[in-house]
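Trainee: Take this structure, written in structure tokens, and hold onto it; I'll ask about it next.
Values in this text are rule-based calculations from the coordinates and carry no lab data. None of the values given here were measured: they were computed from a predicted structure. Here the Cβ is made from the backbone with ideal geometry for all residues, glycine too, and neighbour counts use every protein chain on show.
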């Protein structure tokens with residue numbers, strides 16, 4: 001026993017050493033700090049933002065409650081480029097909340113150091129728009145309204161102003177629920193957000209929850225969403241299948257005109273919004289199951305624009321549908337003419353995959369993060385990939401994590417999250433995903449650094465004392481790829 | 001204020017209560033926390049009340065940020081009532097106040113002296129009991145889908161469109177019918193009570209009790225807790241005339257906790273003061289009585 005203790009301590013010292021980019025290319029870090037070595041929460045559905053003005057400052061989020069149930073929910077904060085992380089409670093919540101916050105997505109402006117976000121606040125799940133002037137003080141609530149889902153934030157600075165776009169599924173918008181909340185300048189004392197309805201077509205009662213805005217410094221703004229057209233099966237019965245279009249809208253004056261997101265017209269019906277895919281089918285699960293690796297499925301959507309000068313017409317979209325033999329299939333397509341036409345064939349087709357997250361770096365290289373279910377029965381694994389391409393044709397593949405899909409058993413839905421996230425600053429890609437945290441080097445083929453106590457020799461997490469075993473759980477993992 | 005009531009007022013807000021020895025003043029254990037007149041390093045001697053994740057801190061040094069005006073001396077053994085601050089390579093907490101680590105105060109601080117996690121759970125259960133509108137012991141005789149919700153589901157399936165909103169965060173309400181053995185709080189004197197609870201395992205609802213037929217225990221029930229707007233947004237949610245809801249994990253308790261719950265239920269002023277008021281009260285009196293601490 002004494003020998004095991006000594007071994008464990010030595011191992012966890014190693015894992016807590018200063019992180020380095022494995023092979024000079026990729027850094028993967030378990031974000032749970034050492035002081036929370038005993039935690040066994042399901043820290044799923046992560047998102048990330050890097051301060052472009054100070055890239056060492058990075059904020060991550062997940063379904064992580066304040067460990068002491070304070071009135072603010074925590075974010076994961078790094079001030080050293082992602083090498084080390086701590087929890088800092090700055091997000092509005094409620095005292096005693098075990099959840100912390102519902103859906104959360106934050107984004108720094110390109111400069112100015114301000115942090116913006118959208119959350120579903122515990123306990124009402126009202127959609128609240130947030131702003132922080134730094135990463136250590138409580139964020140300010142700018143607006144709040146009920147009946148909403150999955151806010152997704154994108155901010156960009158231009159001429160001393162922060163344009164903030166928050167995609168959201170607004171159930172107060174009648175049956176055409178796809179919405180982007182926009183402010184022309186988040187820096188003013190009381191920024192006004194305008195709710196722009198981007199769905200012009202009839203729906204099956206509502207649109208899907210994923211509404212993903214992106215913007216270019218030249219003023220071009222895009223958004224993608226699932227336009228739900230019909231449904232069959234039952235959501236309560238966990239058999240719902242939605243028939244949906246995949247729609248891309250664009251606005252050339254930054255979404256700030258009188259009638260925004262109507263710059264892109266579909267030739268077949270003359271309505272705003274190019275139909276990239278029509279009448280595809282997606283499952284919309286109430287619960288994940290063993291067949292889906294415990295992850296509930298409901299589509300996945302991500303868009304990235306080439307932010308280089310004169311490249312705002314180049315945009316990539318990742319979306320998913322259900323194809324025979326695959327629980328969910330990701331398709332990656334590209335447009336080089338501002339969304340008017342799209343590649344006829346997929347640039348990538350990925351079976352049994354979800355949580356697509358795209359980003360384009362400062363030299364036009366494309367990155368794609370996704371999580372793929374492999375194997376069958378008890379051998380199912382969630383494999384988290386980062387793919388990178390200089391041109392959309394040739395893709396390198398880095399496996400960031402491969403871990404059993406059956407353990408730990410989920411404590412709630414979603415198991416891994418309804419999304420993960422990827423961003424760029426300069427040439428570097430920064431991402432976040434949630435996964436089984438078993439400390440096994442075989443699960444992290446490109447290396448990993450743990451802050452929490454762990455014994456990689458025995459594949460056990462350890463409590464604060466460095467000896468008591470801790471059960472595996474779902475943790476958020478940060479990664480950085482130097483392009 | 002008696003030691004017991006003072007401990008109670010502090011503990012009502014603090015999730016992490018511990019006995020510790022002040023090792024250094026104007027000191028810190030974390031790089032990200034600069035030392036200041038309000039930061040002290042405290043060795044945790046014994047954890048009294050704690051969430052599971054932090055229950056193993058005995059023997060470790062942590063940083064404590066003192067409350068404004070709070071003072072301690074090196075070498076003092078104290079009971080600290082704290083909330084969280086920074087969780088990094090080490091732990092930093094914010095003090096709500098401290099007390100001398102006397103035997104009566106130690107006894108007052110923990111319901112289960114040997115189990116800090118259970119002590120916190122018991123305190124939370126008592127808080128829920130004080131907030132409950134109706135407390136009964138009994139047995140769940142059946143669980144069913146509310147009639148209006150079942151009808152809405154049928155309409156949605158038949159029409160092929162969403163007559164109600166579909167959201168991952170939908171509560172998926174169910175109703176548990178409880179055969180009441182005894183009422184311990186509240187004016188209801190019925191043989192059966194219906195309680196609505198979310199059957200959803202979504203992140204928003206998984207903490208709520210999931211009742212099953214045959215389940216026996218103490219039910220801490222609350223009148224309408226869901227705003228009408230939220231109910232409208234939730235899939236198939238038609239909370240038109242709920243009897244009671246149970247949303248907090250402590251709203252169902254095992255029968256062995258009944259004696260403690262009965263004490264709370266029979267207290268004349270069952271509802272706790274708002275935290276800020278309680279905090280001010282807890283802080284102000286000791287300041288007048290003690291120059292060494294609070």
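Trainee: Mind listing the Cα extents of region A:225-369 along all three principal axes, in Å, largest one first?
Mentor: 47, 34, 27
Trainee: Under 19 Å from a point 7 Å along the Cα-to-Cβ line of residue B:155: which residues of region A:223-263 have their amide N that close?
Mentor: So the set is A:230-237.
Trainee: Measure off 7 Å from each Cα along the Cα-to-Cβ vector at residue B:31 and residue A:271, then give the distance between these two points in nanometres to one decimal.
Mentor: 5.5 nm
Trainee: Based on a Kirkwood Rh over C-alpha pairs, give the Stokes-Einstein translational diffusion coefficient of region A:64-119 at 10 °C and viscosity 1.306 mPa s in µm²/s. Don't skip to the answer; put the middle values down first.
Mentor: Values: Rh = 12.0 Å.
Here the translational diffusion coefficient equals 132 µm²/s.
Trainee: Taking a label point 7 Å from the Cα of residue A:379 along the Cα→Cβ vector, which residues of region A:398-435 have an amide N closer than 17 Å to it?
Mentor: The answer is A:402-407.
Trainee: So, one more: Please report, in whole Å, how far the alpha carbons of region A:113-221 spread along each principal axis, starting with the longest.
Mentor: Largest to smallest, the principal-axis extents are 41, 37, 19 Å.
Trainee: How far apart, in nanometres, would the label points at residue A:140 and residue A:124 be if each is projected 7 angstrom from Cα along the Cα-to-Cβ direction?
Mentor: It is 1.9 nm.
Trainee: Can you give me the relative contact order of region A:130-185 as a percent, contacts being Cα pairs under 8 Å and 6 or more apart? Spell out each step's value before the answer.
Mentor: Values: 84 pairs, mean separation 14.3, N = 56.
That works out to 26 percent.
Trainee: Here is a follow-up. Tilt of helix A:2-15 relative to the longest C-alpha principal axis of chain A, in degrees (0 to 90, nearest 10)?
Mentor: The angle comes out at about 30 degrees.
Trainee: While we're on this one: Summing -39500 (n - 2.57) over the DSSP H runs of n ≥ 4 in the protein assembly as shown and dividing by its residue number, what mean residue ellipticity at 222 nm do you reach, to the nearest 500 deg cm²/dmol?
Mentor: -3500 deg cm²/dmol
Trainee: Counting alpha carbon pairs within less than 8 Å and at least 6 residues apart, what relative contact order, in whole percent, applies to chain A? Kindly include the intermediate steps, with their values, before the conclusion.
Mentor: Details: 1468 pairs, mean separation 76.3, N = 483.
That works out to 16 percent.
Trainee: Right, here's the next one. Plugging the Kirkwood radius over Cα pairs into Stokes-Einstein for chain A, at a temperature of 25 °C and a viscosity of 0.890 mPa s, what D comes out in µm²/s?
Mentor: Numbers: Rh = 22.3 Å.
For these conditions, the coefficient is 110 µm²/s.
Trainee: Alpha carbons only, please: Rg and Dmax for region B:92-209, in angstrom.
Mentor: So, for region B:92-209, Rg and Dmax equal 21.1, 69 Å respectively.
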